[in-house]
Each structure stands twice: as structure tokens, then as C-alpha cells.
1. Going by the structure shown, is Met67 closer than 16 Å to Lys32 by Cα and aliphatic (A, V, I, L, M)?
2. Given the structure, is Val43 outside any helix (DSSP H, G or I), crowded, with 18+ Cβ neighbours inside 10 Å and modelled with pLDDT of 90 or more?
3. Closer than 25 Å to Leu86 by Cβ and among the hydrophobic types (A, V, I, L, M, F, W, C): does that describe Ala33?
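The values are calculated or read from the model by the stated rules, or taken from the named source; none is laboratory data. Computed from a predicted structure; not experimentally measured. Cβ placement follows ideal geometry from the backbone for every residue including glycine, while neighbour counts extend to all protein chains displayed.
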Amino acid sequence: MDTLPPDDAKTACKHPAGHFKPVIDPNRCEGKAACLAECPYDVFVVGRRERADLPGLTTLGMLKWWMHGGIQAEALRADQCHGCGLCVTACPENAITLTRA
């Protein structure tokens, strides 16, 4: 996967912060951190998440969570999202969608 240099990546993000927010599907996320690597605004963190913090996991989602040691991405700084979509295209699990804030 080709990545843009930091300045070019920020130029690709044409919206002001706060108009969009990334939503991560915990049933799909495997914590591979592609979103973390691609986002020029440091919206994401990847770390261990507790099962209790992930309501609504399907059986497959629970299995993925367990198999990957509870490691998943979280949009901790979603208010910094500029809606460029780099995270969406980078995610190998198609776990990220952008919604209007």
C-alpha cells in the first residue's frame, strides 16, 4: 500500500475538523493499525479493549476480538477527523466508515 507523505496526506483532507467522524465496526476490526499509519491527524489509537466496552459483538466479532488478544482500533480523537477517507481505504477489514458529525 502506498502512503502519502504527511504534508500531501493533509492536503488530501479538504474538510475542516469536526464535520465527519470515523465509526469503527468492532465486529470487523482486528487491530492491524493501518488506520493509525494512514491518518495524518492522529485520530486513531490501537490497543487492548475490554469486552465490556464492546456491546453488541456478534459471535464472529467476539471470536476475532479474542483471537487478536482484544487489540482493536478506537477513534479516540474523532473530533480531529477531516473526512479525507484515507483510513477507510487503508483498513484491510473494511471496518471503518465516515459519518457526518
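1. yes
2. Answer is yes for this residue.
3. Judged against the criteria, Ala33 is a match.
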